[in-house]
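See below for the structure under consideration.
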Amino acid sequence: MPKEQIESAGIGPRELVRRLVGGLGHLSNTVQSSWLVDLCQRFYGFEDDAITLDNWETLYDQAEATMASADWPSTVLQKSNVSAVFLTNDFDDTLEGFDTSTYIPCLRTDDLVFHLAKPEVRQRLSAASGSELSGSLESLRRALEQRFEHFIAHGARACAISLPPDFCPTPVSDGRALTALDAVLHRGLDADAPHRAALSRRVFWTLAELCDQYRLPFDLKIGVNREVNRGGVHQGRDLYDSRVSLIQYRELFNTFANVKFPVSVLASVTNQELVSYAWIFPNVIPNGHWWYSNTPTYIRHDAAARLEAVPRNKQIGYYSDAYKLEFIAPKFEMYRRILADILAENFIGLRGWSETQAIELGTQVLRGNVETIFPDLSDAPPTAAPLPSPATAGDRAVAGAGFSAAAASSGNASATEDATGLVSDPVTGELTWPVGEQQEFEADYQLDRESELPEPYHASPLPDDLLEVIEQDDEAFGGEPPAERREEPL
Amino acid sequence: MPKEQIESAGIGPRELVRRLVGGLGHLSNTVQSSWLVDLCQRFYGFEDDAITLDNWETLYDQAEATMASADWPSTVLQKSNVSAVFLTNDFDDTLEGFDTSTYIPCLRTDDLVFHLAKPEVRQRLSAASGSELSGSLESLRRALEQRFEHFIAHGARACAISLPPDFCPTPVSDGRALTALDAVLHRGLDADAPHRAALSRRVFWTLAELCDQYRLPFDLKIGVNREVNRGGVHQGRDLYDSRVSLIQYRELFNTFANVKFPVSVLASVTNQELVSYAWIFPNVIPNGHWWYSNTPTYIRHDAAARLEAVPRNKQIGYYSDAYKLEFIAPKFEMYRRILADILAENFIGLRGWSETQAIELGTQVLRGNVETIFPDLSDAPPTAAPLPSPATAGDRAVAGAGFSAAAASSGNASATEDATGLVSDPVTGELTWPVGEQQEFEADYQLDRESELPEPYHASPLPDDLLEVIEQDDEAFGGEPPAERREEPL
Amino acid sequence: MPKEQIESAGIGPRELVRRLVGGLGHLSNTVQSSWLVDLCQRFYGFEDDAITLDNWETLYDQAEATMASADWPSTVLQKSNVSAVFLTNDFDDTLEGFDTSTYIPCLRTDDLVFHLAKPEVRQRLSAASGSELSGSLESLRRALEQRFEHFIAHGARACAISLPPDFCPTPVSDGRALTALDAVLHRGLDADAPHRAALSRRVFWTLAELCDQYRLPFDLKIGVNREVNRGGVHQGRDLYDSRVSLIQYRELFNTFANVKFPVSVLASVTNQELVSYAWIFPNVIPNGHWWYSNTPTYIRHDAAARLEAVPRNKQIGYYSDAYKLEFIAPKFEMYRRILADILAENFIGLRGWSETQAIELGTQVLRGNVETIFPDLSDAPPTAAPLPSPATAGDRAVAGAGFSAAAASSGNASATEDATGLVSDPVTGELTWPVGEQQEFEADYQLDRESELPEPYHASPLPDDLLEVIEQDDEAFGGEPPAERREEPL
């Protein structure tokens, strides 16, 4: 389906849904499409097993009406058995206006590591931290440290970043870092690529030091190449190069033995390395099944390998990576069936475990390890202010089911987007819940539409029962294409 | 089994078969061997489950007699439920003398992209296109374009090429291309490697432009290293380096958004990238299970991943890649059992599909997508001339079952080869049906025996029912070892 | 569990076991832990299904008593149905004092290829071979050849080496080799990295020539990066980079067509290449499931791919790689269940084989191929001297079950170690049985504690029945980090 048909301005939500439904038939085999159908059945009373041009409008109306009910988000969380959600938040988020015990903040650092050459990112950092970047490494570290303090005071439980396949974190000497910082401060995006790369590595290393200092887990999502499909729809442009190795992280894992590194990998072929590194390094923790590896065949293979070789207390089975709350339940349902299958075949069958033992293991990787791996570090009580209700607008019903991406990615804040507050990825069906400061992004976005689409927060739940979600940003994680793939002005 | 025992001249077909049968016992576990036994049972009345020194001669005689019947190829196609076969044809093939509605031409371009430095390839191009390579880029493009017109007028439905793991297609500027062309025209194989590589990329890019212009799908077979096993038997020399990424093709996929790229990958570890790129790029189409990935374990894993994440209308389940018509049925039989297994377990079992839904999906990927992905582009009526009957020679019976490779690869057109017209790959058991102009190849072949074995066409069927074959050349695909692995005279 | 808690000197064996048992609970899901429980049940009368702080001491006492019985190693071999064990021996091992028909020697060459720059390695070579390294290539070759003769005279059946992912064997000209040898002889570890690398390739190539000359199989274990986890426990430091390709070995496999190369790969993603290279190269033999690929999920996938595409007479199904004799049976038991599963599903189920046929195939890859692949090359009768009894010390019971690594890796020959003679890998649970000359190692060890831990022999059995073990050193295989990862003095 041509991008123009779904991402141009002025398409009303109903018309947009109609257009998208026309293309759904070819996706009926995909697991992504099954999540959409599942959530419509689960939350909107849908009774068919496919959304077609014959039944979509009834579904649209049903969903619209259902979501108009009071406090729909809470209803979704409750129906999904979700107790809390891990967000990912821009580094300058005020973290105010929502209940941080239900929506747990996480410090997202892509902009700091990869985009510090952009004047607006430096301005945001100065403004948020109240500390000007003077050109000294101390001022840079102070600004970053202030952000750690701010986030931890507001209940943050992780620092997170997504990393391209060619990123290789190593320490950068003060001298080199100072030269690089100087170049970036004076020339911004015109600074030479080696300076920008050196500064990236330095900022990354400083973040690891701060994670160590503040006992914050450092959540690594390894493998994304940004903007590979340049003509793709919003959040449908990133791909990867499966030729990545965790050997690139040996210095990091060795140096920061006390920092927990939950690691997600994009390609299933990297999963065995993840298993092996987690087997050997006490601080490496396999984390969920991410993005292009989040389909049953790869989950089956990868999860089985982890369950049989990585200590049971240092793996996080799954996070839904949902962009809309409604997607949490179907995605976890998929994982749980696969997990049950593995436990039945490999543990009860091959290894003679009892059913009770198998369920205990499943429960632990699904739900039991999160609190120990991501402990509450904050002394401050969570804010009690209610969350801005993002899911009560009338046209959210089907938008919430994957149909309103155009609004978000068009770059024009259309009425639709404003009204619903929710955007979705038409490729993966993942839903996004934008919260907070869009202004700086918008300005930036005008400058560089391709690489600077506003990247809203997104939410996933922390379930009470078996369900457990550590929300991680995937598609929406920042990051530019790696240096050598960009046009670099000299 | 030493190569000399099966590839030296003067071994009669019966003696050759006897020798080969002696080595079959050690292969009885392989799926390739199971195809051979299956076809003997299916077509030649063989009733045992292994070919041994005790029963081979009876089989030989039975097969010989069976294949002597009138129009045996048609009988095989009919018994195999095959409606048409996709060939791969040398760029200078006249495409005359056979029914192009049953044997559908396809423009194979390896020689043009990788061997243009050879004088004989340029001569073939000039002769076939009627257009001298004057040294201008226009004359080069004109010659290539003439070949597109010729092929399309004769019913061609695809342009195809096999590519080494280190190939990275990018546009080459006119200036650079002109320098490269000049070097190659003047120095031929003595042109510097960078010039030859630049010209390769330029020709490849021009082919993509012509595919765009003529709406011809561009069939990419990615990953072959040629002549790795230098002492191997004919078609038993090529291997691969699994460290290849589709990121190398990002420029191509982005630039030619309207060209369909059916993609085959050699290594199963590349399959997840293929799935992901097909998920994101509308013009990337996973295509069959090729060569070293064409065994049950890899098919099972790779096909399941595609079926659950790639839109159902843009994947081609299988092509048999048979070198003899008799191999089509056993190979498809293998695939269909695996496909049925995936549909039963993953779709009916895990996802609750009905049997009808599952069969519809299976039928579509097996048979339904080929006409839409490879439409008939020709206005000219297909030629009605009967195909030269390649399978009526008396000694073809067992030769057709994988035993006569020596003749083809010996470089000496022996009586055996002339009589049977059929050659086989003793490693994979795949059979080859040489058709057309061997003369130019022969001349070349005398110069460079190792890399220039004659590469005959080979045929696969397009079945009426579930069976669907998009024939692609594998082992016989041209291509030299990549530049840096060759001895380059300066 | 912090390394200091288990590797510091002066911890008695009982206390050490107590400490380790406290951490076992988190490993209860791992297959490695299941081997430990299995062997305790199998050999020490343990009746629970987990070793806990409540039951460990009883188990400790039971095991201690059991292992005090006369000739316990023979009892283990007999109970495990093991007829012989392949060792790996240092190149200067005298190979005396044990029965080489039960404990079959194998020439381990890591030190020769990668550590010849160390004075002590050269001294060991001179001393053992009785031939001074004069600076000529002839003297080097003569010394190596003498070692081949020594080993073959003592019943050796293989030459073995483990190789880092970036190793790419190619021939080195005499001139280049001479320069390199000169640099290494004069400067030792201060020789430039390119000289050391050239000498490594030359020695490796010479070993291949000697394997050719003496008909000794050359056992390659490809993919280890040493000392990745610098703070890890003994034998818990090595990892890998899965980006390795057998294309790096094309020259080797082509040049030495008559040398058998049993190949083990560290990463499952390399297994398809191994299958394909074994399919094409007569001298490439897939060998077992090694280390990080030795868990059920990867064995299942990798073994199935081999069984369906590699000739049945040129694959070795499994070796246990046990560091203690007691681990052989549980590890083979795991493999056999998986093998049975593959045979039942893929051969009897999918391909319609009879049960008898399937069992024949299973028996062949488990037990039938070893004698033909590793024939007895020695005319000398095996020495009849009894093996020094390594498993009769009282505190070996639980030590033999994975608890006494500290002693070995502490670098202090503690009373515990002396008494038991057995050490184990606390990560994998694999047990090591040190035999022979430790003196030279000890001296070396004092110089470079991190990389020069004493690496004892270890033993695996060659079973009478289905069980078959080709013992290969993994974790204990020598080898430094590849050149570019080391600090190289210039």
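Table for the structure above
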{"item": "Size of the B/C contact, given as accessible area buried on both chains, probe 1.4 Å, in Å²", "result": "3200 Å²"}
{"item": "Cβ-Cβ FRET estimate between B:ASP49 and B:SER354, R0 fixed at 30 Å, reported to 0.05", "result": "0.25"}
{"item": "Placed amide H near C:ILE285: partners under 5 Å, 5+ positions off or other chain", "result": "C:PHE261, C:VAL263"}
{"item": "Approximate spin-label separation C:THR58-A:ARG42, in nm, with each point projected 7 Å along Cα-to-Cβ", "result": "4.6 nm"}
{"item": "Accessible area expressed per residue, the range B:151-245, with surrounding protein chains retained (probe 1.4 Å, Å²)", "result": "29 Å²"}
{"item": "Given charges at beta-carbon only (K, R positive; D, E negative), |dipole| of the range B:274-350 in Debye", "result": "120 debye"}
{"item": "Protein accessible area in the range C:255-366, 1.4 Å probe - carbon and sulfur %", "result": "53 percent"}
{"item": "Point-charge dipole on Cβ atoms (K/R +1, D/E -1) for the range A:16-74, about Cα centre, debye to 20", "result": "240 debye"}
{"item": "Point-to-point label distance, C:THR372-A:ASP376, nm (Cα→Cβ direction, 7 Å offset)", "result": "6.7 nm"}
{"item": "Distant-in-sequence amide H partners of A:TRP290 (H built 1.01 Å from N, under 5 Å)", "result": "A:VAL265"}
{"item": "Normalised contact order of the range B:189-279, rounded percent, pairs of Cα under 8 Å and 6 or more residues apart", "result": "31 percent"}
{"item": "Loop-located GluC sites (Glu not before Pro) in the range C:28-95, at most 13 other Cβ atoms within 10 Å (DSSP)", "result": "C:GLU47"}
{"item": "Partner chain coverage, peptide C:233-242 - average Cβ within 10 angstrom", "result": "5"}
{"item": "For the range B:115-272, alpha-carbon Rg relative to the globular expectation (2.2 N^0.38 Å, N residues)", "result": "1.08"}
{"item": "Column: log10 I(q)/I(0), Debye, Cα scatterers of the range B:1-40, q = 0.18, 0.22, 0.25, 0.31 Å⁻¹", "result": "-0.57, -0.78, -0.90, -1.04"}
{"item": "Inter-probe distance in nm under a simple model that places probes 7 Å from Cα toward Cβ, at C:SER173 and C:GLU4", "result": "5.6 nm"}
{"item": "Options A:SER126, A:PRO169, A:ILE104, ranked by Cα towards positive dipole end of the range A:84-204, top entry (Cβ charges)", "result": "A:PRO169"}
{"item": "Centre separation in Å (Cα based) which lies between the range C:241-320 and the range B:200-256", "result": "26 Å"}
{"item": "For residues of B:17-26, the mean tally of beta carbons on other chains within 10 Å", "result": "1"}
{"item": "The range B:248-344 shape via C-alpha gyration tensor axes, a/c threshold 1.5", "result": "prolate"}
{"item": "From phi via Karplus (6.51, -1.76, 1.60), per-residue ³J(HN,Hα) for the range A:112-129 in Hz, x at Gly/Pro", "result": "5, 7, 10, 10, 5, 6, 7, x, 5, 5, 5, 4, 4, 5, 4, 5, 6, 8"}
{"item": "Sequence-separation-based contact order of the range A:128-198, relative, with Cα cut under 8 Å and 6+ spacing, percent", "result": "28 percent"}
{"item": "Dipole magnitude (debye, nearest 20) for the range C:46-117, charges at Cβ of Lys, Arg, Asp, Glu", "result": "360 debye"}
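The values are calculated or read from the model by the stated rules, or taken from the named source; none is laboratory data. This is a predicted model, so every value here is computed, not measured. Virtual Cβ from ideal backbone geometry, glycine too; neighbours counted across all protein chains shown. Heads up: the accessible areas ignore ligands, DNA and RNA and are worked out on the full protein's heavy atoms, side chains in. Shrake-Rupley method; radii C 1.70, N 1.55, O 1.52, S 1.80 Å.
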